[in-house]
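Heads up: the structure comes next, in structure tokens.
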Amino acid sequence: MRERLTYNRKSYTIPDYYIDYKNYIEPNTLYDIDLRVFKAIVIDYFKYIRDEIMLNSKEIKLPCRLGTLSIIKHLPK
């Protein structure tokens, strides 16, 4: 496992989230998955959110009181 970088970063990637995930869970359990599976789950979930917002006009409530995310569609006159 690689070490966490100590400098300030402008963006975080899925492998960065995976490092935090591995530190959060207990080793040798059902949730102890490798990076390939973790990345597939995260990408699939982001695609689901994208489809719900753009195609089904759903509203997603963001955590930590960040508000909501939605796309409002209007028919042209």
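The values are calculated or read from the model by the stated rules, or taken from the named source; none is laboratory data. Treat the numbers as computed from the prediction; the structure is a model and nothing was measured. Cβ: placed from backbone, ideal geometry, glycine included. Neighbour counts: every protein chain shown.
Failed condition for residue 23, given (1) surrounded by 10 or more Cβ atoms within 10 Å (Cβ to Cβ); (2) in a helix (DSSP H, G or I), with all others met? Among (1) surrounded by 10 or more Cβ atoms within 10 Å (Cβ to Cβ); (2) in a helix (DSSP H, G or I), the lone unmet condition for residue 23 is (1). On inspection, residue 17 does not qualify as surrounded by 10 or more Cβ atoms within 10 Å (Cβ to Cβ) and either modelled with pLDDT of 95 or more or outside any helix (DSSP H, G or I) (or both). Taking residues in the stretch 1-18 that are among the small types (Gly, Ala, Ser), and partners anywhere that are assigned to a helix (DSSP H, G or I) and at pLDDT below 90, not one pair has Cβ atoms closer than 7 Å while being at least 6 places apart or on different chains.
Can you say whether residue 7 is modelled with pLDDT of 90 or more and either on the phi > 0 side of the Ramachandran plot or not aliphatic (A, V, I, L, M) (or both), as far as the supplied structure shows? So residue 7 does not fit the description; no. Evaluating residue 12 against the criteria (1) assigned to a loop (DSSP other than H, G, I, E, B); (2) in contact with a Phe, Trp or Tyr (Cβ under 9 Å, 6 or more places away or on another chain); (3) aromatic (Phe, Trp, Tyr) leaves one unmet condition, (2).
Here the condition is being surrounded by 10 or more Cβ atoms within 10 Å (Cβ to Cβ), in a loop (DSSP other than H, G, I, E, B) and within 17 Å of the chain's Cα centre (by Cα); of 53, 33, 43, it holds for 33 alone.
Restricting to the stretch 61-77, what's the tally of residues that are at pLDDT 90 or above and surrounded by 11 or more Cβ atoms within 10 Å (Cβ to Cβ)? Total satisfying the criteria: 0.
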